[in-house]
Amino acid sequence: MAESKKYEIRVDVSTQYLPDQSDPAAGRYVFAYTIDISNTGTVAAQLISRHWLITDAEGAVQEVRGLGVVGHQPLLAPGQRFEYSSGCALNTPVGTMQGSYQMVADDGIPFEAAIPEFILSMPRVLH
């Protein structure tokens, strides 16, 4: 049981619609999101890469993979946090994002940190 607590990353997300960068008449809806990554485990771990599934309201899925996040591969000691902001554009006023971070613990063990699904929504679209 204790083994699972060694490698534990918490991911919290907040989102914002960006009307100044969006063009609804052209089917372009831009969102910013801020991610707070916390090492709640007992072993330091480095974020190596990311994998995102971005789904619009019509079911179209964009898959994004890449090294690090916003040019960083943060090493998080137990109790440390890393926060970053990024964004994405959708063809619909509502969509979702979910994914995972590929991590490597200080002891060399690779593991994944799940990014729970979150909603991107233009204000007043969802009630």
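Values in this text are rule-based calculations from the coordinates and carry no lab data. Owing to the predicted nature of the structure, the values given are computational and were not obtained by experimental measurement. Cβ sites come from the backbone with ideal geometry, for glycine too, and all protein chains shown count toward neighbours.
Taken over the C-alpha atoms, the stretch 51-124 has Rg and Dmax values of 14.5, 47 angstrom. With the Cα gyration tensor of the stretch 59-102 giving a ≥ b ≥ c as the square roots of its eigenvalues, does the rule (a/c under 1.5 for rounded; else a/b larger than b/c for prolate; else oblate) give rounded, prolate or oblate? Prolate, because a/c is 1.5 or more and a/b exceeds b/c. If I build a Gaussian network model for the chain, linking alpha-carbon pairs within less than 10 angstrom, which residue out of Asp20, Asp12, Asp106 has the largest mean-square fluctuation? In this elastic network of the chain, the residue with the biggest mean-square fluctuation among Asp20, Asp12, Asp106 is Asp20. On the basis of the beta-carbon distance and an R0 of 41 Å, Leu75 and Arg28 show a calculated FRET efficiency of 0.65. Result for the chain in a Gaussian network model with C-alpha springs under 10 Å: among Gln73, Gln102, Gln46, the largest mean-square fluctuation is at Gln73. Where only DSSP H runs of four or more residues are counted, the chain gives -1000 deg cm²/dmol as its mean residue ellipticity at 222 nm, each run worth -39500 (n - 2.57).
Hydrodynamic estimate: the Kirkwood radius of the chain over Cα pairs, inserted into Stokes-Einstein at 10 °C and 1.306 mPa s, corresponds to D of 102 µm²/s. In the elastic network of the chain, a GNM with C-alpha springs shorter than 10 Å, the most mobile of Ile54, Ile109, Ile37 is Ile109.
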